[in-house]
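Okay, structure first, notes after.
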Amino acid sequence: MDYKVKDMALAGAGREELIISEQEMPGLMATRAKYGPQKPLAGLKITGSLHMTAQTGVLIETLRELGADVRWASCNIFSTQDHVAAAIAEAGVPVFAWKGETLEEYWDCTYRALTWPDGSGPDQIVDDGGDATLLIHRGCKAENDPAILDEPTDVYEMQVINALLKRVLKEDPRHWHKVAANVKGVSEETTTGVHRLLQMEEKKELLFQAINVNDAVTKSKFDNVYGCRHSLTDGIKRAMDVMIAGKVAMLCGYGDVGKGCAESLANERARVLVSEVDPICALQACMAGLQVCTVEDALPVADIYVTATGNCSVITAEHMSKMKDQAIVCNIGHFDNEIEVDKLNKWPGIVRKEIKGSFCPVSRYTFPDSHCIYLLAEGRLVNLGCATGHPSFVMSNSFTNQVFAQMDIARNPDRPVGVYLINKKLDEEVAKLHLEKLGAKLTTLTQAQADYIGVPVEGPFKAETYRY
Ligand code: NAD
Ligand code: 3DD
């Protein structure tokens, strides 16, 4: 079977979920209506590595409506909604995803989503965090120098990737060079994935063009902010079912995601503390009435910890050893290295008990001094590991940008290697597609007004460099 999901019997329920999501994703549905007949993606093989949720299901079926031949894997071991994955498989899409994958299964799913039955790879990629892009790039490096796969590493996930690449190398020593040569470009969904692309561009290692979807205003100032505002406390409440009101929450990072998380926690009437390294973001937190302090300052008082930085080791094992009894610790950043989970698991005398299984991962860690902390989703993003992520309407903005980016790559397959932004006019078109659903009515500039503020009557309305 050219798919692998949890249980095909769930497909009916998944289809119902997709029907609900379609009603809440006007941008994607309008894009299907407008561009579907032209089939702008016809003949193109597209691999997706993006959380296999109901919202992503609507994205997948939009790409197919535009003519693409799609294969899909999730970009996180806990974020798949199994009933939706079954519905997408039933619709004929090779999807390789289920909630609770092991790391070995996860990377094998990514490899299968990148590999068509004839052994060829994709023309284009939709990536979220850069794992599909990483596998191609590390594969090419390993084909040039197989010894890198034997370099010692204490990062277990890298050991898993190396083992997979050794297996592929044996089957075809030039597989990844052939795949990379055919890829016309990738559109990257998230902040951390864009950071990875920019680092590769800086080191002149990037092998194909990349569209930075994250920094479209209608993505990062919506999904990252309002999506997390909706889904952070959803994840915490489903995991722990504790009262958030009146509790002290320590939020690490006050960027786009952090701003949404602060609102999410404040809406539940938590008292929110913020840690930041950027003085401007720290000052913004102060202006929002939040106390800016360090994690160490919070240890005696905080009941809930949330990391939202895209950085590593923000909450250390040492921190957790000094937290209040019953503290709740979670991450909403893309990767699981914001919290030192490996070191926590190796803490002398620590006792770990899994509470709820992979449908909502919660672990209780008891320290030798008998205090315990609760770690949600094993330090992976809590809104998708313990809940269903952002709602459809806000994801419709992100994913309409994804479809625009995929069409842009299809129109410009030979664009020079580099990382590119989506232009402001398209960004504003995405916003326009979502206003009617909310009953919003735009005002039209007169020519005199347009001249006065120096913009075209039809926009774009703010300079590309404007910081929202
Ligand atoms: P951002 O760059 O806007 O914000 C990150 C903030 O963290 C910055 O202000 C930075 O100064 C701060 N920071 C960095 N290191 C820190 C440290 N050690 N201590 C305190 N603060 C620190 O990024 P963003 O768009 O907010 O994304 C944050 C993370 O969330 C990324 O990994 C992104 O990929 C991910 N993300 C997750 C979701 C989700 O649904 N779970 C959605 C969007 C983005
Ligand atoms: N992300 C959050 N909720 C999601 C959902 N319901 N479906 C798919 C992906 C979802 C993650 C996105 O916010 C992604 O854009 C990111 O991590 O930036």
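Here are the numbers for this structure:
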quantity: Check on Glu65, touching a residue at least 24 places away in the same chain (Cβ under 8 Å) and surrounded by fewer than 20 Cβ atoms within 10 Å (Cβ to Cβ); calculated: yes
quantity: Test: residue in region 89-104 that is in contact with a His (Cβ under 7 Å, 6 or more places away or on another chain), within 16 Å of ligand 1 (Cβ to nearest atom), assigned to a loop (DSSP other than H, G, I, E, B) and modelled with pLDDT of 95 or more; calculated: no
quantity: Tally of residues being buried (at least 18 other Cβ atoms within 10 Å of the Cβ), modelled with pLDDT of 95 or more and not in a helix (DSSP H, G or I) across region 404-456; calculated: 1
quantity: Those residues of region 180-205 which are away from ligand 2 (no atom under 16 Å from the Cβ) and either crowded, with 22+ Cβ neighbours inside 10 Å or closer than 22 Å to Val403 by Cα (or both), in sequence order; calculated: Ala180, Asn182, Val183, Lys184, Gly185
quantity: Condition broken by Gly260, with the remaining ones in (1) under 18 Å from Gly379 (Cβ atoms); (2) surrounded by 15 or more Cβ atoms within 10 Å (Cβ to Cβ) satisfied; calculated: (1)
quantity: Filtered residues of region 299-317 (kept if free of Cβ contacts under 8 Å to residues at least 60 places away in the same chain, more than 19 Å from Glu263 (Cβ to Cβ) and either part of a loop (DSSP other than H, G, I, E, B) or more than 28 Å from the chain's Cα centre (by Cα) (or both)); calculated: Leu299, Pro300, Val301, Asn311, Cys312, Ser313, Thr316
quantity: Qualifying residues in region 337-380 (those that are closer than 18 Å to Glu101 by Cβ and exposed (fewer than 14 other Cβ atoms within 10 Å of the Cβ)) - the one nearest to ligand 1 (Cβ to nearest atom); calculated: Phe359
quantity: Selected residue [polar (S, T, N, Q), under 17 Å from Gly100 (Cα atoms), within 16 Å of ligand 1 (Cβ to nearest atom) and assigned to a helix (DSSP H, G or I)] from Asn383, Asn397; calculated: Asn383
quantity: Condition met for Met29 (surrounded by fewer than 24 Cβ atoms within 10 Å (Cβ to Cβ) and modelled with pLDDT under 95); calculated: no
quantity: Within region 308-336, tally of residues that are of a type in the set (D, E, K, R) and within 14 Å of ligand 2 (Cβ to nearest atom); calculated: 1
quantity: Counted residues, region 149-174 - those being hydrophobic (A, V, I, L, M, F, W, C) and more than 21 Å from Phe335 (Cβ to Cβ); calculated: 3
quantity: Residues being more than 25 Å from Gln23 (Cβ to Cβ) and either without any contact (Cβ under 8 Å) to a residue 60 or more places away in the chain or within 9 Å of ligand 2 (Cβ to nearest atom) (or both) - total across region 375-405; calculated: 3
quantity: Qualifying positions in region 30-67 - assigned to a helix (DSSP H, G or I), hydrophobic (A, V, I, L, M, F, W, C) and either away from ligand 2 (no atom under 16 Å from the Cβ) or within 18 Å of the chain's Cα centre (by Cα) (or both); calculated: Ala30, Ala33, Ala54, Val58, Leu59, Ile60
quantity: Top-ranked residue in region 128-172 [being part of a helix (DSSP H, G or I) and among the small types (Gly, Ala, Ser); ranked as farthest from Gly193 (Cα to Cα)]; calculated: Ala147
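Okay, residues lined up against (1) in contact (Cβ under 8 Å) with a residue 60 or more places away in the chain; (2) out of contact with any strand residue (DSSP E or B) (no Cβ under 8 Å at 6 or more places or on another chain); (3) within 16 Å of ligand 1 (Cβ to nearest atom):
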site: Ala13; (1), (2), (3): yes, yes, no
site: Glu17; (1), (2), (3): yes, yes, no
site: Leu44; (1), (2), (3): yes, no, no
site: Ala54; (1), (2), (3): yes, yes, yes
site: Val58; (1), (2), (3): yes, yes, no
site: Asn76; (1), (2), (3): yes, no, yes
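Per-residue answers, yes or no, for (1) surrounded by 16 or more Cβ atoms within 10 Å (Cβ to Cβ); (2) more than 8 Å from ligand 1 (Cβ to nearest atom); (3) under 27 Å from Glu354 (Cβ atoms):
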| site | (1), (2), (3) |
| --- | --- |
| Gly227 | yes, no, no |
| Ile244 | yes, yes, yes |
| Met250 | yes, yes, yes |
| Thr309 | yes, no, yes |
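The values are calculated or read from the model by the stated rules, or taken from the named source; none is laboratory data. What you see is a predicted model, and the numbers here were worked out from it, not measured in a lab. So basically every Cβ, Gly included, is an ideal-geometry build from the backbone, and we count neighbours across all protein chains shown.
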